[in-house]
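Right, one structure below, let's go through it.
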Amino acid sequence: MIITFILGMLALAFVDKAEPHVKRGLENVFMAEIRLSRGQLRLATVLATLLGAAIVAELLADGEAIPLLLGACVGLVLPKLTGRSWPGPKD
């Protein structure tokens, strides 16, 4: 359970770093330039990182979804509470 919780936190910690890769991946899949708003790209990246974390959780642990999502929520809220942000590119 703790592994899936940590994976959820890490999934949100890597959203900034994964964003350019998700955009490039979407462009490769659709073979065209993707015009997404910042929020839409962010949401697609969050979903992609959570999907990756769920796959890793399934392979390493029992793959429970509740600790994964709780960890993701903590990973999303923690930077707001501390006044810091996860390391990564800024706008």
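The values are calculated or read from the model by the stated rules, or taken from the named source; none is laboratory data. All figures in this text were calculated on a predicted structure; none of them were measured in a lab. As a convention, Cβ positions derive from the backbone with ideal geometry for all residues, glycine included, and neighbour counts pool all protein chains shown.
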Condition first: surrounded by 14 or more Cβ atoms within 10 Å (Cβ to Cβ), out of contact with any Phe, Trp or Tyr (no Cβ under 9 Å at 6 or more places or on another chain) and of a type in the set (D, E, K, R). Now tell me which residues in segment 1-51 satisfy that. 19, 23, 42
Might you check whether a residue that is surrounded by fewer than 17 Cβ atoms within 10 Å (Cβ to Cβ), touching a Ser or Thr at 6+ places or on another chain (Cβ under 7 Å) and either modelled with pLDDT of 80 or more or assigned to a helix (DSSP H, G or I) (or both) occurs anywhere in segment 63-83? yes
Please go through segment 16-53 and give me each residue that is hydrophobic (A, V, I, L, M, F, W, C) and within 19 Å of residue 65 (Cβ to Cβ), ordered by number. 43, 46, 47, 48, 50, 51, 53
Pairs please, first residue from segment 18-35 and in contact (Cβ under 8 Å) with a residue 60 or more places away in the chain and of a type in the set (D, E, K, R), second anywhere and crowded, with 16+ Cβ neighbours inside 10 Å and in a helix (DSSP H, G or I), Cβ atoms under 6 Å, 6+ apart in sequence or on different chains. 19/45
Condition first: at pLDDT below 85, in contact with a helix residue (DSSP H, G or I) (Cβ under 8 Å, 6 or more places away or on another chain), assigned to a loop (DSSP other than H, G, I, E, B) and not acidic (Asp, Glu). Can you find one or more residues in segment 11-27 that meet it? no
For segment 40-52, enumerate the residues that are under 11 Å from the mean Cα position of the chain (by Cα) and either more than 14 Å from residue 17 (Cβ to Cβ) or polar (S, T, N, Q) (or both). 43, 44, 45, 47, 49, 50, 51
